[in-house]
């Protein structure tokens with residue numbers, strides 16, 4: 001499953017525009033967006049981003065863990081990884097494109113439980129992303 005370029009290409013063809021920017025918020029996101037020199041979408045070419053790496057940093061090309069992002073949104077996801085994961089998962093849930101059981105089966109990890117833990121242990125405290133975590137938890 002890891003490193004399947006065909007799946008990533010297929011994903012990009014079916015999701016050619018940025019899926020994430022509308023669910024990002026906060027001062028860091030605004031600074032990154034400004035640093036990229038963009039004031040209005042679209043903000044450049046899109047790339048397929050791996051939402052969450054599994055054990056030992058392995059990147060699995062699972063449809064539920066892929067999302068198309070702009071360069072600015074991609075930069076944000078790497079600079080603020082937990083906020084990025086939360087926003088990505090929420091985006092996939094809203095799109096009805098997140099299969100929790102499939103992710104658990106293929107990775108051995110429950111990403112929803114991990115996200116909720118980040119809130120409960122105060123690893124994510126930004127009010128916007130805490131609210132998204134609440135919405136994610138309520139979705140299941």
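Restricting attention to region 118-140, and to residues there that are assigned to a loop (DSSP other than H, G, I, E, B) and touching a helix residue (DSSP H, G or I) at 6+ places or on another chain (Cβ under 7 Å), which single residue is surrounded by the most Cβ atoms within 10 Å (Cβ to Cβ)? Top of the filtered list is 124.
Residue pairs whose Cβ atoms lie under 9 Å apart, separated by 6 or more positions or on different chains, with the first residue in region 93-114 and under 21 Å from residue 20 (Cα atoms) and the second modelled with pLDDT under 90 and surrounded by 15 or more Cβ atoms within 10 Å (Cβ to Cβ), are 99/62; 103/52; 103/60; 103/62; 111/52; 114/52.
On inspection, residue 97 fails the criterion of being touching a strand residue (DSSP E or B) at 6+ places or on another chain (Cβ under 7 Å), modelled with pLDDT of 85 or more and assigned to a loop (DSSP other than H, G, I, E, B). If you go through region 70-94 and keep only what is under 18 Å from residue 11 (Cα atoms) and either at pLDDT below 95 or part of a loop (DSSP other than H, G, I, E, B) (or both), you end up with 70, 71, 73, 74. Applying the set (1) modelled with pLDDT of 95 or more; (2) over 12 Å from the mean Cα position of the chain (by Cα); (3) in a helix (DSSP H, G or I) to residue 56 leaves exactly one unmet item: (1). Here residue 115 passes the criteria (1) assigned to a helix (DSSP H, G or I); (2) more than 21 Å from residue 8 (Cα to Cα); (3) modelled with pLDDT of 95 or more; (4) more than 17 Å from the chain's Cα centre (by Cα) except the one numbered (4). Taking the stated definitions as given, is residue 26 at pLDDT below 90 and either buried (at least 17 other Cβ atoms within 10 Å of the Cβ) or under 24 Å from residue 119 (Cα atoms) (or both)? No, not satisfied.
The values are calculated or read from the model by the stated rules, or taken from the named source; none is laboratory data. Just so it is clear, the model here is predicted, and its values are computed rather than measured. Note: ideal-geometry Cβ built from the backbone for every residue, glycine included; neighbour counts use all protein chains shown.
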